[in-house]
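Single-structure report; data block below.
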Amino acid sequence: MPPPPAAAPGIGAASAGRRADTSYLAEHLMWQYVISRVVQAGIVIVAVTLITFLTLHMGGDPTYLYVSDRASDEEIQLVRERLGFDRPLHVQYLSFLGGLVQGDTGRSLTYRTPAMNVVIERLPATIELTVMAMLIAVVFAIPLGVIAALNRGTAVDGGIMAMAMFGQSIPSFWLGIMLILFVGLGLSWLPISGHVPVLEPLLKGDFERAWTNLPNALRYLIMPAFTISLFSMSRNARLVRSSMLEVLSQDYVRTARSKGLREWNVVMRHALRNAWMPVVTMLGLEFGFLLSGVVVVETVFSWPGVGRLVFNAINQRDVPLVQSAVVMFAGVFVLLNLIVDLLYARLDPRVRLS
Amino acid sequence: MVADREGVVQHYLGTDALGRDVYSRLIYGARVSLLVGFTAVFIGGALGVVLGMTGGYLGGRVDALIMRLADIQLAFPFILLAIMFLVVLGSGVLNLVLILGIGQWVTYARIARAQTMSQREKEYVEAALALGASGASVLFKTILPNILAPLIVIASFNVASVILAEAALSFLGLGVPPTVPTWGGMLAESRDQLLAGRWWLAVYPGVAIMLTVLSFNILGDWLRDFLDPRLRGAD
């Protein structure tokens, strides 16, 4: 987690003298932290747009992406002027930024419609997949890590850690192909591709359809979600184990034991609560990992989300579409990290004091 | 296994849809993965160490600027950046190595910075400065050898993750040209062959990637315990 910048504008500094009680001070620090984090997120978003914009121009004149190979010089010049590529770079950037604020990132070369709309249409399917993957990554990792820590040095610990090591070494798209091959085609347990929407009818207010779709949707979700989550699950299990080991050697755990509490209570109520904080910190960044996995895994399972859209856009050199997806992903990523950081500061006062 | 009429094995791991030997393609595929893995880590490591040490040693504005850049990069899912660069600039080993290398510098910079800051005040650094050594000489000849251990450990894990990233990008068709065999590229081609029952095309390249990545991960774990026991269990 990036450390918060030291300097931030003082909030309500004028009234500080009148109300110098501690609750006020805590609130003041909280606000200072919130504002510095929001400013930081804003800077990152601007940097992302700048990088996205510049990459388009790094390959030379982007006009050539929009015209066919046989276009004459006059035609090329016409397209260049129509798309505004003849203007100075900073003017183009400002107009790109201006368009972005209004959700306009240019027209997709293949769909011939505004690129951002194409991306937003595919977003619900990707969110379903990512949320499910995140759930799997956390729900399985915590018990595995705890069990490994409690059985430190035994075969159980060794087994879980070896599995985690494998899990971190398997390329996700290959795992997907193997699941399709053996679980899908070999055993015919689960469908190998396709998608049943739940979030989309939900967003349209059609609760009934969302509810009836749910069981079937889960069947389609299991394999791709597991594929994306295996890497994170393995890493989280290792993280929980090492932080659990650290917590178990703390004085307060010894005190809890010496009070005569049952081991279950000691582990669940005293140790685990503190041990899974590092995992909470990772959750925001986790989302970025999962999003990166989405592009390849959606392609493998023909999942109709943003990831496969990006893959197809890559193959067709549909730069505006790739740009829109990247800006969208980065925006969601920055926003989620911001939320996680703020929640974390709310939960753990030490964060905003440091 | 494919044998000829006399029963002599010709293709140990079979052939692909075009009749090319899978085993030889696997071996040639190792070239790209290892070349890209090592070079990208070297580029990222060199860049990160120089920037991180400079920031840690000088402090102040230079340091703040470098760390701000690192924060920005961390706040951006890296693979997306790589995809965008490669789509616009075109794929190829050089671009692949450059973008993957640039993607790694933050990790090294952060560690090099923290280590340099803790070493800066040590007496041996003071002694080197008293002997009239220049800033650059103190940084890279005096301090660097003393902070190398954790960097080597990170580099080993990093080779593993770069190889995974390279395979993913090759799988997306953003790696080296399709005529050059790569493990990721072989997996991409195998997708169309699954329903035709050619399972071996999908299994072996994946096993190759997994074993390579696993080896570097295990090496990293071992190096960490060996070189720097303080880092044990710190992932």
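The values are calculated or read from the model by the stated rules, or taken from the named source; none is laboratory data. On a predicted model such as this, the values are computed, not experimentally measured, just so you know. All Cβ positions, even for glycine, are placed from backbone atoms using ideal geometry, and neighbour counts span all protein chains on display. Heads up: the accessible areas ignore ligands, DNA and RNA and are worked out on the full protein's heavy atoms, side chains in. Shrake-Rupley method; radii C 1.70, N 1.55, O 1.52, S 1.80 Å.
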Leaving ligands, DNA and RNA out of it, rank A:222, B:111 by accessible area with a 1.4 Å probe, largest first. A:222, B:111
Point-to-point label distance, residue B:196-residue A:274, nm (Cα→Cβ direction, 7 Å offset): 6.0
Please report the carbon-and-sulfur percent of the accessible area for the protein assembly as shown; probe 1.4 Å, protein heavy atoms only, DNA, RNA and ligands left out. 65
Residue A:86: net charge of surrounding residues, Cβ under 12 Å, Lys/Arg +1, Asp/Glu -1, itself excluded? +1
Using a 1.4 angstrom probe and counting only protein chains, how large is the accessible area of residue A:160 in Å², to 10? 20
FRET efficiency for residue A:73 and residue A:193, Cβ-Cβ distance as r, R0 = 51 Å, nearest 0.05? 0.65
Accessible-area order (highest first, 1.4 angstrom probe) of the listed residues A:257, B:191, A:346, A:235: A:346, A:257, B:191, A:235
Let me have the 222 nm mean residue ellipticity of chain A computed from DSSP H runs of 4+ only, each contributing -39500 (n - 2.57), with the sum over all residues rounded to the nearest 500. -23500 deg cm²/dmol
Compute the projected area of the convex hull of the Cα atoms of the range B:2-228, averaged over all viewing directions, and report it in nm² to one decimal place. 16.0
Taking a crude spin-label model, label points 7 Å out from Cα along the C-beta direction, the residue A:335 to residue B:207 distance in nm is 4.6
Leaving ligands and nucleic acids out of the surface, order B:140, A:333, B:85 by accessible area at 1.4 Å, largest first. B:140, B:85, A:333
So what is the orientation-averaged projected area of the range A:143-268, using the convex hull of its C-alpha atoms, in nm²? 11.4
Tell me, what is the FRET efficiency for residue B:10 and residue A:214 to the nearest 0.05, using R0 = 60 angstrom and their Cβ-Cβ distance as r? 0.70
Within straight cross-link reach of residue B:141, meaning Cα distance under 21 Å, which lysines are found once same-chain residues fewer than 8 apart are removed? B:122
Restricting to aspartates and glutamates and to Cα separations under 16 Å from residue A:204, and discarding same-chain partners fewer than 8 apart, the set is A:121, A:128
What number, in percent, do you get for the relative contact order of chain A if the mean sequence gap of Cα pairs under 8 Å and at least 6 apart is divided by its residue count? 24
Chains A and B together, accessible area buried on both sides, 1.4 angstrom probe, square angstrom: 4200
Angle between chain B longest axis and helix B:60-74 axis [Cα atoms, degrees, rounded to 10]: 20
How about the range A:32-50: which of its residues lose at least 40 Å² of accessible area in the presence of all protein chains relative to their chain isolated, using a 1.4 Å probe? A:44
Note the angle between two axes, namely the Cα long axis of helix B:78-89 and the longest principal axis of the Cα atoms of chain B, as a number of degrees from 0 to 90, rounded to the nearest 10. 70
Kirkwood Rh over alpha-carbon pairs of the protein assembly as shown, then Stokes-Einstein at 37 °C and 0.692 mPa s: what D in µm² s⁻¹, rounded to an integer? 124
Can you give me the convex hull volume of the Cα atoms of the range B:114-235, divided per residue and expressed in Å³? 140
Could you state the angle between the C-alpha long axis of helix B:93-102 and the longest principal axis of the C-alpha atoms of chain B, as a value from 0 to 90 degrees rounded to the nearest 10? 40
Measuring from label point to label point, each 7 Å out along Cα→Cβ, what is the residue B:62 to residue B:152 span in nm? 2.7
Within the range B:86-116, name every residue whose backbone N is under 19 Å away from a label modeled 7 Å from Cα of residue A:54 along the Cβ vector. B:86-90, B:95-107
Computed [θ] at 222 nm, deg cm²/dmol, chain B (DSSP H ≥ 4; -39,500 (n - 2.57); rounded to nearest 500): -23500 deg cm²/dmol
Report the relative contact order of the range B:2-228, percent, no decimals, based on alpha-carbon pairs under 8 angstrom and at least 6 residues apart. 26
Taking only C-alpha positions in the range A:225-354, Rg and Dmax in angstrom work out to 20.0, 67
For the range A:130-202, which chymotrypsin sites (Phe, Trp or Tyr not before Pro) are both in a DSSP coil and crowded by at most 12 other Cβ atoms within 10 Å? A:189
Per residue, how much accessible area does chain B show when a 1.4 Å probe rolls over the protein heavy atoms, in square angstrom? 47
Comparing the chain by itself with all protein chains present, which residues of the range B:152-177 are at least 50 Å² less accessible (probe 1.4 Å)? B:164, B:171, B:172
